[in-house]
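Data block below; observations after.
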Amino acid sequence: MSARNVIEFQLNGEKIEARNISPNTTLLEFLRGRSLTGSKEGCAEGDCGACSVAIIDRDANGKPTYRAINSCLVPICLLAGRDVISVEGVGCSANMHPVQRTMAEGYGSQCGYCTPGFICSLFEGFYRDDLKTGDDLDEQLAGNLCRCTGYRPIRDAALAAFSNRLSTIGDDTFASRLKNFDNDPGAAEYEFAGEKFFRPTSLTELLRLRKENPEARLIAGATELGLDITKRYKKFPTLISVEAVSELKEIKSTATEWHIGAAVTLTEIEDQLGEEFPALGDMLRVFGSRQIRNRATMGGNIVTASPIGDSAPVLLALDAKVVLASASGDRTLPIEEFFIS
Ligand code: FES
Ligand code: FES
């Protein structure tokens, strides 16, 4: 199988063919390199939200939905086959989206550095069926920092935009885009200057690629490996994404257990299991930010084995087990035996 030399995706409704670019380039670098400079770099580590954009993903019930993400952390190769909306695609001064109009009218912006990121978070919130209360709104915005406006005008502007959203959403082009969405990320591969990227769609294929590329790093949401790129200036020679591996994208139950695929995002886990396991729900609500949870996976948080990883204490307390798979078979371990140091 020879690797392709183009990464194709939709950006603000337009087909993009990215060539001659390192697969380790972040989406933020790519956007700004195309003069889409609304998205800003503040921290380059998923804390400030200035770089936020939206993608189309599926919720825990499989329904297409917008998700705000931190573009500073996502290598461009992970966008292959996806739909990306940057702040420029949300609207412009001649055709403002309701979340932009109320921010402008409600003085929700001063220097403006954080504003595009807030707009992309509000954009996700505007189309969320499950965002109903002021607390939900606060959680939606918890990944966006502002140094000068103060949060009250921003929150008030958001509440004004959301108050009549159900009456305006019906014939809106972004809602239609969700209705017609059938662009799930599938198999992908890309190579440039010796740097390779693979995105298999089955566990068998993943394990084969892993065996053939022992130097490869597995990647899902990139909320951890993205930091190696932005902060340690690393370039990974081979990345294998687990994001499209169907077996790892499922949450399933038996009479006695829940099985959470390693590539399921924390937002999906929170939506599906947060009520049944309140300790898990409480932890996930304060795990990073909305943008981080929209990309980060439980599998990634476990295998990173960071002493400050938030999911391990809850999983240890719940007596969770991990299923470890390789080309030669799989085995199940209590999670306390997985962490060896
Ligand atoms: Fe701060 Fe991306 S630049 S979260
Ligand atoms: Fe200046 Fe928010 S308006 S940082």
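The values are calculated or read from the model by the stated rules, or taken from the named source; none is laboratory data. On a predicted model such as this, the values are computed, not experimentally measured, just so you know. In this analysis, Cβ positions are derived from the backbone assuming ideal geometry, glycine residues included, and neighbour counts consider all displayed protein chains. Calculation scope for accessible area: heavy atoms of the full protein, side chains included, ligands and nucleic acids excluded. Shrake-Rupley method; radii C 1.70, N 1.55, O 1.52, S 1.80 Å.
Some points to look at:
- For segment 167-245: rounded, prolate or oblate by the Cα gyration tensor [a/c cutoff 1.5]: prolate
- Expressed to the nearest 5 percent, the antiparallel share of DSSP beta bridges inside the chain is 80 percent.
- Unit charges on C-beta of K, R, D, E only; dipole of segment 1-82, Debye: 240
- Förster-model FRET efficiency, 41 Å R0, E41 and D184, C-beta, rounded to 0.05: 0.90
- The distance between label points at V6 and V286 comes to 4.9 nm (points 7 Å beyond Cα on the Cα→Cβ vector).
- Rounded to 10°, Cα long-axis angle of helix 151-163 versus longest principal axis of the chain: 90
- Three-way shape call for segment 263-311 based on the alpha-carbon gyration tensor, with the a/c threshold at 1.5: prolate
- Between A325, P313, T223, the Cα set farthest toward the positive side of the dipole of segment 172-325 (charges on each charged residue's Cβ, about the Cα centre) is that of T223.
- Estimated 222 nm signal from helices in the chain, with DSSP H stretches of n ≥ 4 weighted -39500 (n - 2.57), rounded to 500: -9000 deg cm²/dmol
- Dipole-positive endmost among A244, V286, C43 within the chain (Cβ charges, Cα centre): C43
- Computed about the Cα centre, the dipole magnitude for segment 56-125 is approximately 100 debye when only Lys and Arg (+1) and Asp and Glu (-1) carry charge, each at its Cβ.
- Computed with a 1.4 Å probe over protein heavy atoms only, the accessible surface of segment 43-130 comes to 30 Å² per residue.
- For the chain, the spread of Cα positions along each principal axis, largest first, Å: 61, 47, 37
- Across the chain, the mean sequence separation of Cα contacts (distance under 8 Å, 6 or more residues apart), normalised by length, yields a relative contact order of 17 percent.
- Evaluated with a Cβ-only charge set (Lys, Arg +1; Asp, Glu -1), the chain carries a dipole of roughly 940 debye about its Cα centre, given to the nearest 20.
- For the residue pairs K211/K249; K63/K132; K196/K231; K63/K235, the alpha carbons lie more than 23 Å apart in K63/K235.
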